[in-house]
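Below is one structure, written out as structure tokens; comments come after it.
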Amino acid sequence: MNTEKLVVPKKVNGSKLNGFSLEEIGDDHLYTGLETPMKADAFKMSDAEKKERISILFREIMEVMGLDLNDDSLQGTPDRVAKMYIDEIFSGLNPKNKPKVALFDNKYQYNQMLVEKNITFYSNCEHHFVPIIGKAHVAYISSGKVIGLSKLNRIVQFYAKRPQVQERLTNQIGTDLQEILGTKDVAVIIDAKHLCVSSRGIKDDTSATVTTFYGGAFNNAEKIRELQSYIND
Ligand SMILES: [Zn+2]
């Protein structure tokens with residue numbers, strides 16, 4: 001068993017952003033930019049090393065909370081959590097896990113909007129590390145190239161598998177699809193439930209959050225109405 005001692009960085013107190021404390025920002029789910037904030041050396045450690053390290057640290061959290069890690073039911077938890085973080089729920093942090101996307105010529109000359117709706121995703125709130133569960137609706141108008149439908153789903157899943165803020169998730173999917181498809185005509189609508197809102201804090205079980213990204217031709221009231229009519233169908 002690894003008994004490495006922890007070096008806990010000193011907590012910086014009193015940091016403020018636009019007059020709000022970091023605690024307030026976290027609970028209000030404000031976010032600071034399009035890119036997921038990453039350290040420059042984010043991928044210096046291998047996945048195997050990260051899993052080993054997270055397992056040690058998660059064990060420490062459990063022990064601090066007073067859990068008995070000798071219990072058969074808890075023994076494997078630190079390793080399981082570490083593996084789940086790196087290989088599954090936060091695998092979208094690593095660019096190497098980004099889905100490879102092939103484009104095809106738009107042979108059918110279909111030049112209306114294509115909507116892939118009700119893409120179910122599971123993400124995690126970066127302020128509380130509890131789930132965000134929702135549906136994404138993605139639309140684009142081909143500029144001559146098309147993408148396999150399952151790839152739209154995979155791109156949503158890739159960005160969902162990060163600690164996220166819903167606005168950033170929406171914009172990351174939208175801007176990446178614009179780049180992949182070579183067109184500004186991309187729309188993303190996300191309708192999601194945040195467990196940090198429903199199961200803790202304000203404990204509102206019925207509210208949902210809707211965020212939108214309307215690029216190019218979608219930035220138009222009539223197009224938005226058309227898109228929404230397909231989604232609400
Ligand atoms: Zn949260």
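For region 164-212, how many residues are within 16 Å of the ligand (Cβ to nearest atom), over 19 Å from the mean Cα position of the chain (by Cα) and among the basic types (Lys, Arg)?
Going through region 164-212 one residue at a time, the tally reaches 2.
Quick check: is even one residue across region 65-83 among the hydrophobic types (A, V, I, L, M, F, W, C), under 30 Å from Ser199 (Cβ atoms) and within 16 Å of the ligand (Cβ to nearest atom)?
At the first step, the residues of region 65-83 found to be among the hydrophobic types (A, V, I, L, M, F, W, C) are 65, 67, 69, 74, 81-82.
Those left that are additionally under 30 Å from Ser199 (Cβ atoms): 65, 67, 69, 74, 81-82.
The next check asks that each one be within 16 Å of the ligand (Cβ to nearest atom); those that pass are none.
Taking every residue of region 65-83 in turn, none turns out to be among the hydrophobic types (A, V, I, L, M, F, W, C), under 30 Å from Ser199 (Cβ atoms) and within 16 Å of the ligand (Cβ to nearest atom).
Which condition from (1) free of Cβ contacts under 8 Å to residues at least 24 places away in the same chain; (2) part of a helix (DSSP H, G or I); (3) out of contact with any Pro (no Cβ under 6 Å at 6 or more places or on another chain) is the one that Leu57 breaks?
Only one criterion is unmet by Leu57, namely (1).
Answer yes or no: is there a residue in region 186-193 that is over 23 Å from Ile89 (Cα atoms) and modelled with pLDDT under 95.
Residues of region 186-193 over 23 Å from Ile89 (Cα atoms): 186-187.
Restricting the remaining residues to those that are modelled with pLDDT under 95 gives none.
No, because not a single residue in region 186-193 is over 23 Å from Ile89 (Cα atoms) and modelled with pLDDT under 95.
Quick one: is Asp87 under 20 Å from the mean Cα position of the chain (by Cα), farther than 15 Å from Pro163 by Cβ and surrounded by fewer than 16 Cβ atoms within 10 Å (Cβ to Cβ)?
Spelling it out, Asp87 is indeed under 20 Å from the mean Cα position of the chain (by Cα), farther than 15 Å from Pro163 by Cβ and surrounded by fewer than 16 Cβ atoms within 10 Å (Cβ to Cβ).
For region 30-47, does any single residue satisfy the condition of being within 30 Å of Glu167 (Cα to Cα), among the β-branched types (Val, Ile, Thr) and in a loop (DSSP other than H, G, I, E, B)?
Yes, that holds for at least one residue.
Would it be correct to say that Lys184 is more than 19 Å from Asp27 (Cβ to Cβ) and of a type in the set (Lys, Arg)?
yes
Looking at the structure I just gave you, is Ala82 exposed (fewer than 12 other Cβ atoms within 10 Å of the Cβ), part of a helix (DSSP H, G or I) and either of a type outside the set (D, E, K, R) or under 23 Å from the mean Cα position of the chain (by Cα) (or both)?
No; evaluated as a whole, the condition is false for this residue.
The values are calculated or read from the model by the stated rules, or taken from the named source; none is laboratory data. Bear in mind the structure is a predicted one, so any value in this text is a computation, not a measurement. Cβ coordinates were reconstructed from backbone atoms using ideal geometry, including for glycine residues, and neighbour counts include every protein chain displayed.
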